[in-house]
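Got a structure for you, questions after.
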């Protein structure tokens with residue numbers, strides 16, 4: 001059966017939150033945020049550039065709204081690609 005776009009997004013979000021449980025953002029000292037409110041899913045590789053990974057659990061990570069905004073300011077997300085990929089790999 002065909003999954004609608006909103007259903008696919010909800011399933012991805014639910015799976016990501018279940019796997020991660022809290023904000024996975026790690027600061028420059030290696031400390032994980034751990035916040036459990038105002039959570040977002042962040043696409044590690046941008047879905048605009050990698051549409052085939054838009055619904056891949058291995059390409060999303062849970063981060064809080066504060067860190068999600070911070071990462072997207074001035075393209076900081078690029079520096080976090082290897083960090084987030086490592087965190088996801090450690091969870092699998």
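How big is the gap, in Å, between the Cα center of region 74-88 and the Cα center of region 1-63?
A separation of 13 Å, based on Cα centres.
I want to verify a result. In a Gaussian network model of the chain, Cα cutoff 10 Å, which of these has the top mean-square fluctuation: 28, 58, 15?
Of 28, 58, 15, the most mobile in the Gaussian network model is 28.
Please give the calculated 222 nm ellipticity per residue for the chain, where each DSSP H segment of at least 4 residues contributes -39500 (n - 2.57) and the sum is spread over every residue; nearest 500 deg cm²/dmol? Walk me through the numbers on the way to the answer.
Values: 3 runs with 39 residues, N = 92.
Rounded to the nearest 500, it is -13500 deg cm²/dmol.
While we're here: When only C-alpha pairs under 8 Å and at least 6 residues apart count, what is the relative contact order of the chain, in percent? Could the numbers behind the result be given before it?
Values: 101 pairs, mean separation 25.5, N = 92.
Relative contact order for the chain comes out at 28 percent.
Starting with the fewest neighbours, write out 81, 26 ranked by other beta-carbon atoms found within 10 Å of each beta-carbon.
Numbers: 81 12, 26 17.
By the 10 Å Cβ count, ascending, the order reads 81, 26.
Relative to the longest principal axis of the C-alpha atoms of the chain, give the angle of the C-alpha long axis of helix 77-91, reported between 0 and 90° and rounded to the nearest 10°.
70 degrees
Coordinate-derived values only; no laboratory data. Note that the structure is a prediction, hence the values are computed from the model and not measured. All Cβ positions, glycine included, derive from the backbone under ideal geometry; neighbour counts span all protein chains shown.
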